[in-house]
Amino acid sequence: MRDRDDRLYRNRTERTEGGFSGGQYIRLSELLHSIARLRRARPLDTMTLLVSFAEGAVMTTEIGGIQDRNIAAVFNRLDANGNGVVTKADFDAIAQQICAQFAIPADSEAGQSIGESFQSWWEQLRRDLDTDHDGRITLEEFASAYKDGDPAEYFAEKLGRTAATVAEAVDSDDDGFITEDEYVSLLSVAITDQQAILAGFHQLDTDGDGRISRAEFEAGVAAVMLSDDPATPGTAMMGQTP
Ligand SMILES: [Ca+2]
Ligand SMILES: [Ca+2]
Ligand SMILES: [Ca+2]
């Protein structure tokens, strides 16, 4: 136990002191930007890629508090082949799914770039989260990143940047606000229960003006996996209810 605690501490310290060069969330932002750049010749916007990534998500689990269930929901999406651990094979599978969906040949320049982007994202995750260095990220390892110590400030900052990228993509008319329609169209690929989607929308709309500002959205995304209080805006985004 002592060894494990030391390892977690070391792991967190390295992350905090810059070993986390960019972090997995920054990787996602970079990935979306680079793919968007690559695909500019053909219409394939960031929103479409986000939707593609979210499809097939397993968004409901029955066990634990709201934080555990949100963490499990994200973990299950990363575990693309559903074998209960996140490995390189999952990221290969996600890259292949995206290439297949957009008819991008895997051996083309664009296909190779997508594959490399997901590989670098996996490598970053492995360095940050695979605390026993066995090449597999278990749910326990994944959850410890969000639950041990006090990760809130750190993750709020990192996740906030990805949230900004997502908000930009979802705000299709670029007026700085995400409307109910824009929000529902993003979430409905992952969550079938419309009431659950709307509950997430209203929870994020903290000033109650009927639309989600980018600041409201970014604050909510940053909190998704960090809070065990169902009253915290963001905790309902993944379709989990108290
Ligand atoms: Ca897996
Ligand atoms: Ca491991
Ligand atoms: Ca609002």
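No value in this document is a laboratory result; all are computed from the given coordinates. Note that this is a predicted model, so its numbers are computed, not measured. So basically every Cβ, Gly included, is an ideal-geometry build from the backbone, and we count neighbours across all protein chains shown.
So the values come out like this:
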{"read-out": "Residue-by-residue Karplus 3J(HN,Hα) for the range 123-139, coefficients 6.51, -1.76, 1.60, Hz, glycine and proline x", "value": "4, 5, 4, 4, 4, 7, 10, 7, 5, 9, 6, 9, x, 10, 9, 7, 4"}
{"read-out": "Förster radius 51 Å - calculated FRET efficiency between Asp174 and Ala89 (Cβ-Cβ, nearest 0.05)", "value": "0.85"}
{"read-out": "Amide H contacts under 5 Å for Ser213, placed H, 5+ residues apart", "value": "Ile178"}
{"read-out": "Highest-first arrangement of 81-88, 165-172, where packing means the average Cβ count within 10 Å", "value": "165-172, 81-88"}
{"read-out": "Ordering of 66-78, 205-217 by burial proxy (mean other Cβ atoms within 10 Å per residue, highest first)", "value": "66-78, 205-217"}
